Structure formats: C-alpha cells, structure tokens
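The values are calculated or read from the model by the stated rules, or taken from the named source; none is laboratory data. The shown structure was predicted, so the numbers you read here are calculated from the model rather than taken from an experiment. A quick note on method: Cβ atoms are made from the backbone with ideal geometry, for glycine too, and the neighbour counts reach across all protein chains shown. Note: areas computed on protein heavy atoms with side chains; ligands, DNA, RNA excluded. Shrake-Rupley method; radii C 1.70, N 1.55, O 1.52, S 1.80 Å.
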Amino acid sequence: MKRDAPADETALLHRGGRPAGWGNLGLWPAAGAEPVDYATAAEALARSVGEAAGLARGQRVLSVASGSGDELVLWAEAFGVAEAWGREPDLQRTALAQARIERWKRSGIPSDGVRLHTLPTDLQGLASRASAPGPLGAFDAIVCVDSLYHLAPRADALRRLAALLRPGGRLAFTDLVPRHGGLRGRLLRALADRAGLAGADWGGPQAWPEALRAAGLTLRGIDDLDGPVLDGFVRFVERQRKLLGADAAGPGWQRVRATARLLPLARRLGLGKVRVVAERPNGPGD
C-alpha cells in the first residue's frame, strides 16, 4: 500500500482551522484569551499592516512577497483597492496565488480590479519598470508583511521601495528589531544571520527615523508587536503540535518547530517586533 506524502508546512499550520494559504507569524490574542486558528491570526497581522498603510478604495497597492494570494484578496475585499499587485519570487506560491484569485473571481464578488503579476525579484528591476511608461507606474501604497527582514542591504531596499511610491504614498511593514546593544545585541544579530535574516543589517527602533529619511521617506509611526506576534506564535506552535500528533515529528513541521524553539532565546537577547509606517513627502516642505 502506497504511503501518503508528508504534509507541507503551510498545510500543517492551517490544519484544524480555516483553509487558506497565509505564511506570516500572525497577530495573536493575549495569553489566556480565546485561541484563534492560524488563518485568523495571519489575516489579522496583514489587515493591521493594510490599515497602517491607509489602504482605501480606488488605490493601487503593491505587496512585497505576496505569498499564495490571500493577501491580495484581502486588500480588495477589506479595503476596496482598485489594483493589487504582488511581487512574489517563489514560482510555486505565484501559481497558488493565481489559482486563489481565480477561485475568488468565481465566487461572484466583483474582481475586475484585482490583478496578480509576477514581478522582478530584485527591487532595482521593479523600480525601473515603475518609472517607465506602461501599466505599472507608481503605487499609492506598498505593504510588506513579514518580508522586509529578508531584503538586504536594508538601506538599498528602503530606497528602492520609496522610489515606487507616488508623492504622499505610504509604505507599511512589519520588521524584526534588536532592542539591546552590547553583547546581547551582537549575539542576536549573529543568531539572525545564521537563520538567513541578515541580522548584521538590523537597526533598532531608534534608528528608523534616520534610516527612512535617508531613503526619502518620513516616519509616521512605530507600534510594538513583540507579545502579540512573537510570543503569540510560540504559544500557537505548542498548541498546534498537540493537534498534529505524529505529523509534528515529520519534515513538514521542522522549520516551524525550529523557529518556535529559537524565539524564546532570541526574545531574551532582545528580539522585538514592530509595525512601521512611513510616507513619501509631497514636496520639499512636507
């Protein structure tokens, strides 16, 4: 008898809850509150970033690392954006996103303005397309949900994202930050580098105003999400492990399990989570 293939990470994260294709750390209720499923928490984090970006009806929005399509549909359903563009370098996720958009269109909800495009994986190529004549143009808003810390060097990524915004447009993103200097800060950055998160390129929350100003942006707000995101995700993984049973020992759960094991140590070293919103000024005096 042929054995079933092991479930992948996304399927295991969503098991026991609402089917979806989300892939972020989630925005979770406080400890002791009624638990929610993964899709609900992941959507809540994305929604909070969309709200910070000021997404509204008729806008053109770019999602950086847009994943499997749920994020793009959210911008249309919850905020009524006219166009939702996705920059997703993973071809498998792009295919899933296209299928997600098609299912949404067949649901009967008006969807003429929702578009999914596989854009260049490097921001330089994307910026050149946005400044050239054609359908891309500048964006009213750019959202990065749990993706900016994969872009390095950070200063270069911010500058290229700023170039994609129209004057008055907003960039909203979640990011991981070191809250301590000294030995703990150096250890945290080294840990992040080993995890492929470019920790050596991180700056603390106090560095954001200058970093954004250097990119041509003005900081509009920073919100701390340490507990609701980082601690909440660790609690969820432990709860999900019990639900998964034997599948929690399989290869599909390894990366999730490793992340949940590292987070408490990283938190002791000062790892924080923030939501940042910045704006491209309208003019010199703005």
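Observations on the structure shown:
- Taking strands (runs of 3 or more DSSP E) as the structural unit, those lying wholly within the stretch 139-233 and holding at least 1 residues that are of a type in the set (Lys, Arg) correspond to 165-178, 218-224.
- Selection count, the stretch 177-217, where residues are of a type in the set (S, T, N, Q) and either touching a strand residue (DSSP E or B) at 6+ places or on another chain (Cβ under 9 Å) or open to solvent by less than 30 Å² (accessible area, probe 1.4 Å) (or both): 0
- For the stretch 244-252, the condition holds for no residue, the condition being that it is at pLDDT below 95, under 18 Å from Pro178 (Cα atoms) and surrounded by 15 or more Cβ atoms within 10 Å (Cβ to Cβ).
- The combined condition, being under 26 Å from Ala42 (Cα atoms) and touching a strand residue (DSSP E or B) at 6+ places or on another chain (Cβ under 8 Å), is not fulfilled by Gly227.
- Close pairs (7 angstrom Cβ cut-off, 6 or more residues apart or separate chains): more than 18 Å from Ala65 (Cα to Cα) and surrounded by fewer than 15 Cβ atoms within 10 Å (Cβ to Cβ) in the stretch 13-42, of a type in the set (Asp, Glu) and modelled with pLDDT of 95 or more anywhere: Gly16/Asp37; Arg18/Asp37
- Candidates Gly67, Gly54, Gly86, filtered to the one that is surrounded by fewer than 20 Cβ atoms within 10 Å (Cβ to Cβ) and not in a helix (DSSP H, G or I): Gly54
- Looking across the stretch 148-176, the residues that are under 19 Å from Phe79 (Cβ atoms) and either open to solvent by 10 Å² or more (accessible area, probe 1.4 Å) or of a type in the set (A, V, I, L, M) (or both) come down to Leu164, Leu165, Arg166, Gly168, Arg170, Leu171, Ala172.
- For the stretch 254-275, residues that are under 20 Å from the mean Cα position of the chain (by Cα), crowded, with 17+ Cβ neighbours inside 10 Å and touching a residue at least 40 places away in the same chain (Cβ under 8 Å) total 8.
- Residues located in the stretch 246-286, provided they are in a strand (DSSP E or B) and in contact with a Gly (Cβ under 9 Å, 6 or more places away or on another chain): Gly272, Lys273, Arg275, Val276, Val277, Ala278, Glu279
- Considering residues of the stretch 92-125 that are modelled with pLDDT under 80, hydrophobic (A, V, I, L, M, F, W, C) and more than 22 Å from Leu158 (Cβ to Cβ) only, the residue surrounded by the fewest Cβ atoms within 10 Å (Cβ to Cβ): Ile109
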